[in-house]
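Peer 1: Here it is, the structure in full.
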Amino acid sequence: MGKARANVTLDAEILAEARAFELNVSAIAEGALEAAVKAEKARRWYEENAEAIEQRRRWIEEPHPALEQEHRHDGEEQREPRAQPAPRRGRGRGRGRLEDGLVMAVTEHRHVRTGSR
């Protein structure tokens, strides 16, 4: 990426001290500006996606009976959940890695939230 000239106004005493310490004012200004741009991008992204993030948070906290591993039948004791396989690494056939991860995440979230196993 190329460089461009920019005029900035700085406090004269601070600039004099920076020069006395042989600090690279341009590099420092560029670094500070880069950090400010990065922070503003993140803030705007979060602002633009806040509703989706909130919807996802609510979905995670809702009960999802179809994803639960335990089933309660009238008159039967509650069954222990079956052990879930670890998400697969690499390529394979069958249920996708994403689905494996979602089942694990929902199951683990339920255990953490309720304290049950």
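Each row is one residue, and each column tells you yes or no for (1) in contact with a helix residue (DSSP H, G or I) (Cβ under 8 Å, 6 or more places away or on another chain); (2) not hydrophobic (A, V, I, L, M, F, W, C).
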{"site": "15", "(1), (2)": "yes, no"}
{"site": "36", "(1), (2)": "no, no"}
{"site": "39", "(1), (2)": "no, no"}
{"site": "42", "(1), (2)": "no, no"}
{"site": "62", "(1), (2)": "no, yes"}
{"site": "65", "(1), (2)": "no, yes"}
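Peer 1: Which residue pairs have Cβ atoms closer than 6 Å, lie 6 or more positions apart in sequence or on different chains, and pair a first residue in region 1-20 that is aliphatic (A, V, I, L, M) with a second residue that is assigned to a helix (DSSP H, G or I) and surrounded by 10 or more Cβ atoms within 10 Å (Cβ to Cβ)?
Peer 2: As it stands, the answer is 18/25, since those pairs meet every condition given.
Residue by residue, here is whether (1) at pLDDT 70 or above; (2) under 30 Å from residue 10 (Cα atoms); (3) surrounded by 10 or more Cβ atoms within 10 Å (Cβ to Cβ) holds:
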site	(1), (2), (3)
41	yes, yes, yes
50	yes, no, yes
58	yes, no, no
69	no, no, yes
75	no, no, no
90	no, no, no
93	no, no, no
96	no, no, yes
102	no, no, yes
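Peer 1: Also: For region 2-16, give me the residue count where each residue is farther than 17 Å from residue 32 by Cα and in a loop (DSSP other than H, G, I, E, B). Spell out the reasoning first.
Peer 2: Residues of region 2-16 that are farther than 17 Å from residue 32 by Cα, as a first pass: 2, 12-13, 16.
Subsequent filtering for residues that are in a loop (DSSP other than H, G, I, E, B) retains 2.
Selection size over region 2-16: 1.
Peer 1: Tell me, please, whether a residue that is small (Gly, Ala, Ser), at pLDDT 60 or above and in a loop (DSSP other than H, G, I, E, B) can be found in region 80-87.
Peer 2: Looking through region 80-87, at least one residue is small (Gly, Ala, Ser), at pLDDT 60 or above and in a loop (DSSP other than H, G, I, E, B).
The values are calculated or read from the model by the stated rules, or taken from the named source; none is laboratory data. All values reported here derive from a predicted model rather than from experimental measurement. Because the Cβ atoms are built from the backbone with ideal geometry, glycine has one as well, and the counts that use them run over all protein chains shown.
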